[in-house]
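The values are calculated or read from the model by the stated rules, or taken from the named source; none is laboratory data. These numbers were taken from a predicted model, which means no experiment stands behind them. Reconstructed Cβ throughout: ideal geometry from the backbone, glycine too, with neighbour counts over all protein chains shown. We work out accessible area using only protein heavy atoms, side chains counted, and drop any ligands, DNA or RNA first. Shrake-Rupley method; radii C 1.70, N 1.55, O 1.52, S 1.80 Å.
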Amino acid sequence: MNNVSFYDTKPYDRLYFDELAEQYGVRIHYFDEKLNKKTATFAEGEAVVAFVNDNLGEDCLKVLYEKGVRVIAMRCSGYNNVNLKYAKDKFHVLRVPAYSPYAVAEYAMGTLLTVNRKLHRAYNRTKEFNFSLNGLTGFDLHGKTIGVIGTGRIGQAFISICKGFGMRVLAYDVYPMPEPDFEYVSLDELYRESDIISLHCPLTKESYHMIDAESIRQMKQGVYLLNTSRGALIDSEALLEGLMSRKIGGAALDVYEEETEYFYEDFSNDIIDDDTLARLVSLPNVLITSHQAFLTREALRNIAVTTLENLKEYFDGKTEFTNEIR
């Protein structure tokens, strides 16, 4: 059995990994703590399993390497939290490129419906037996133009859902797909024409803060923004300013650029030091959830299977060092 250290563990993670671990020949050591320079010292064995909010910077990777770790298995599709430059030729970095595009796409549409039709506010009202409809007016999605940034598996699944609602779809991708059944446009045109904009692209140096004060300035008055991808795609201060000026009509965020300290943990008895996050949460036209778009039974099982298959392939000696993440 090969020893594997599993960080940032939650009960829903263990469900499928425990079920499948023996089948794949691994013994998993679970740690509740996120992976960082300090907790890297806990690592047992040659492999670690990490998640989106673990910090695999150079300092952390140095400790892991000294501990004998040689493979990093990300149980997610993103890897922007891994210092790939330092990892090159020292670690195999593996990931789960596709676990369930439907999980994220369906969730994105759910957040749009919620923030548009004020379902979160209506739920809170009726819990207090307040059945007034004042302030709960939304708009029809049918006939509206939605701009989708990123047309990978998740983006395509989301576009299919939007078309089912009778929406006009505009899309942008650095690498457009051939023969699409929707219209590709430039980013500038997408910003100008869209009633709603949804982000489904990875976080890179080029996409960092792609939604900033300048791009918001180009958008329609009252535009709605959705983000189920990576928090740093949006400049949070610019978003807050856009909301306060009423330029942005509403926002649904499953991610936040400074989420690492807060998301997946309970701070209900604490005072949040992040003023921007606190102000965003307080706004009635903003819906924030804690990076849960992936959280379906199907996705969790696929994540476990793919992660364990990646590790088995490594331990069976089939994986070679490359300059690109797998």
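Once the chain from residue 278 to residue 264 is taken as fully extended at 0.36 nm per residue, the excess over their C-alpha distance is 3.4 nm. Springs between Cα atoms under 10 Å define the GNM used for the chain, and in it the highest mean-square fluctuation of 82, 174, 69 occurs at 174. When both segment 120-147 and segment 167-223 are represented by their alpha-carbon centers, they are found 26 Å apart. Entry note, the chain: relative contact order of 18 percent, from Cα contacts under 8 Å with a spacing of 6+ residues.
In this structure, the amide hydrogen of residue 26, modeled 1.01 Å from its nitrogen in the peptide plane, lies closer than 5 angstrom to those of 2, counting only residues at least 5 positions away or on a different chain. Counted as membrane-span-like here are DSSP H helices of the chain whose alpha-carbon atoms extend 20 Å or more along the helix's own axis and whose Kyte-Doolittle mean is -0.5 or above; these are 101-117, 297-315. Rounded to the nearest whole Hz, the Karplus-based 3J(HN,Hα) values (6.51 cos²θ - 1.76 cosθ + 1.60, θ = phi - 60°) of segment 262-269 follow the sequence 10, 5, 6, 10, 9, 10, 5, 9, with x at glycine and proline. Within segment 143-190, the ratio Rg/Rh, alpha carbon atoms throughout and Rh by Kirkwood, equals 0.92. P(r) tail, segment 1-132: Cα-Cα pairs separated by more than 19 Å, 58% of all pairs. Relative to a virtual label point 7 Å from the Cα of residue 132 in the Cα→beta-carbon direction, which members of segment 281-313 show backbone nitrogen distances below 11 Å? Residues passing the 11 Å test: none. For the chain, a simple Cβ point-charge model (Lys and Arg +1, Asp and Glu -1, everything else neutral) yields a dipole of about 580 debye relative to the Cα centre. For residue 44, the residues 5 or more places off, or on other chains, whose built amide H falls under 5 Å of its own are 5.
Over the chain, average the accessible area per residue using a 1.4 Å probe and give it in Å², no decimals.
Details: 16300 Å² over 326 residues.
About 50 Å² of surface per residue is accessible.
Of the accessible area of segment 53-150, computed with a 1.4 Å probe over protein heavy atoms only, carbon and sulfur atoms account for 49 percent.
In plain terms, the bigger the Kirkwood radius, the slower the diffusion; for segment 123-167, with that radius from Cα pairs, at 4 °C and 1.567 mPa s, Stokes-Einstein puts D at 99 µm²/s.
The mean of 1/r over all pairs of different alpha-carbon atoms in segment 76-184, once inverted, gives a Kirkwood hydrodynamic radius of 16.9 Å.
Report the far tail of the P(r) of segment 146-288, meaning the percent of Cα-Cα pairs longer than 20 Å.
Of all Cα-Cα pairs in segment 146-288, 46 percent lie more than 20 Å apart.
Amide H to amide H, with H built 1.01 Å from N, residue 93 comes under 5 Å of 72, 326, counting only residues 5 or more places away or on other chains.
Once you treat every alpha carbon in the chain as an equal point and sum by Debye, what is log10 I(q)/I(0) at q = 0.08, 0.10, 0.14, 0.16 Å⁻¹? For the chain at q = 0.08, 0.10, 0.14, 0.16 Å⁻¹, log10 I(q)/I(0) is -0.41, -0.63, -1.14, -1.36. Each 10 Å bin from zero up to the one holding the largest Cα-Cα distance in segment 75-118 carries the following percent of pairs: 23, 31, 23, 17, 6, 0.
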